[in-house]
Amino acid sequence: MKKVLFIAFASCLQAGMIYAQPRPVDRTPTVTNTPDSYAARYEGGIFGASGKEKGTLKFDDANSRLVFNRQDGREMFSIPYDSLIVIYPDSKESVPQSGKVISHIPLPGAGLASLMNKSTKYANMTFDDPDIEAKGTASFRFDNKDNLLKFIDKLGAKAKMKQRGDAYYRPKPSPVF
């Protein structure tokens, strides 16, 4: 009998733990006094736009789209606000190439160069391309975290997406019965 009560108590406790997980705190976006263009490097993910390219991301509110212009000012591609599904920041830590080279020099203490660390900030956008009916994820590299978060906040507000933490998403439409 004690075993049955213990198992029942443990299963109730486990069920209570599942529902007790807190939801992430939503931060309020600050989209006032932010620029209309951001310097970024396109890393890949758009159909028909291969290769990494430096340029600027601009908001085209007249046509409800995000435009990536190359360094020479020509438009490389655009993503309509309505086709965005998820926008989120990401970062990757790595050792720079110079740290890798110096760490292999046969000198005392040269191995410490492998402890050098470089953090790279990315904006990732999952979108549904209406032209070819396919989903994709575009990635853009930013120089600093502040510009990255300002860009994501502004794009999320312009695309009328819901916020969850630092990310924005477009909720699925409710099924109609």
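The values are calculated or read from the model by the stated rules, or taken from the named source; none is laboratory data. Just so we're clear, the structure is a prediction, and the values are computed from it rather than from any experiment. Heads up, the Cβs are rebuilt from the backbone with ideal geometry, glycines too, and the neighbour counts pull from every protein chain shown.
Scanning the range 155-177 for residues that are outside any loop (DSSP other than H, G, I, E, B) and within 13 Å of the chain's Cα centre (by Cα) yields L155, G156, Q163, R164, A167, Y168, Y169.
Would you be able to say whether some residue in the range 131-138 is within 22 Å of A40 (Cα to Cα), among the β-branched types (V, I, T), out of contact with any Leu (no Cβ under 7 Å at 6 or more places or on another chain) and surrounded by 12 or more Cβ atoms within 10 Å (Cβ to Cβ)? Yes, some residue in the range 131-138 is within 22 Å of A40 (Cα to Cα), among the β-branched types (V, I, T), out of contact with any Leu (no Cβ under 7 Å at 6 or more places or on another chain) and surrounded by 12 or more Cβ atoms within 10 Å (Cβ to Cβ).
Counting only residues that are β-branched (V, I, T) and under 11 Å from P89 (Cα atoms), the range 125-176 holds 1 of them.
Here D36 qualifies as of a type in the set (D, E), touching a Phe, Trp or Tyr at 6+ places or on another chain (Cβ under 6 Å) and either exposed (fewer than 14 other Cβ atoms within 10 Å of the Cβ) or at pLDDT 70 or above (or both). Got at least one residue in the range 102-123 being buried (at least 17 other Cβ atoms within 10 Å of the Cβ), touching a residue at least 60 places away in the same chain (Cβ under 8 Å), closer than 26 Å to T34 by Cβ and in contact with a Phe, Trp or Tyr (Cβ under 7 Å, 6 or more places away or on another chain)? Taking every residue of the range 102-123 in turn, at least one turns out to be buried (at least 17 other Cβ atoms within 10 Å of the Cβ), touching a residue at least 60 places away in the same chain (Cβ under 8 Å), closer than 26 Å to T34 by Cβ and in contact with a Phe, Trp or Tyr (Cβ under 7 Å, 6 or more places away or on another chain).
Scanning the range 40-55 for residues that are small (G, A, S), surrounded by fewer than 16 Cβ atoms within 10 Å (Cβ to Cβ) and part of a strand (DSSP E or B) returns a single hit, G44. With respect to Y88, determine if the residue is in contact with a Leu (Cβ under 9 Å, 6 or more places away or on another chain), surrounded by 13 or more Cβ atoms within 10 Å (Cβ to Cβ) and either assigned to a strand (DSSP E or B) or in contact (Cβ under 8 Å) with a residue 24 or more places away in the chain (or both). So Y88 does not fit the description; no. Selection within the range 148-165: residues that are surrounded by fewer than 18 Cβ atoms within 10 Å (Cβ to Cβ) and in contact with a strand residue (DSSP E or B) (Cβ under 7 Å, 6 or more places away or on another chain). The member of this set that is farthest from A39 (Cα to Cα) is K162. Would you be able to say whether some residue in the range 56-79 is at pLDDT 70 or above, in a helix (DSSP H, G or I) and of a type in the set (K, R)? No, that holds for no residue.
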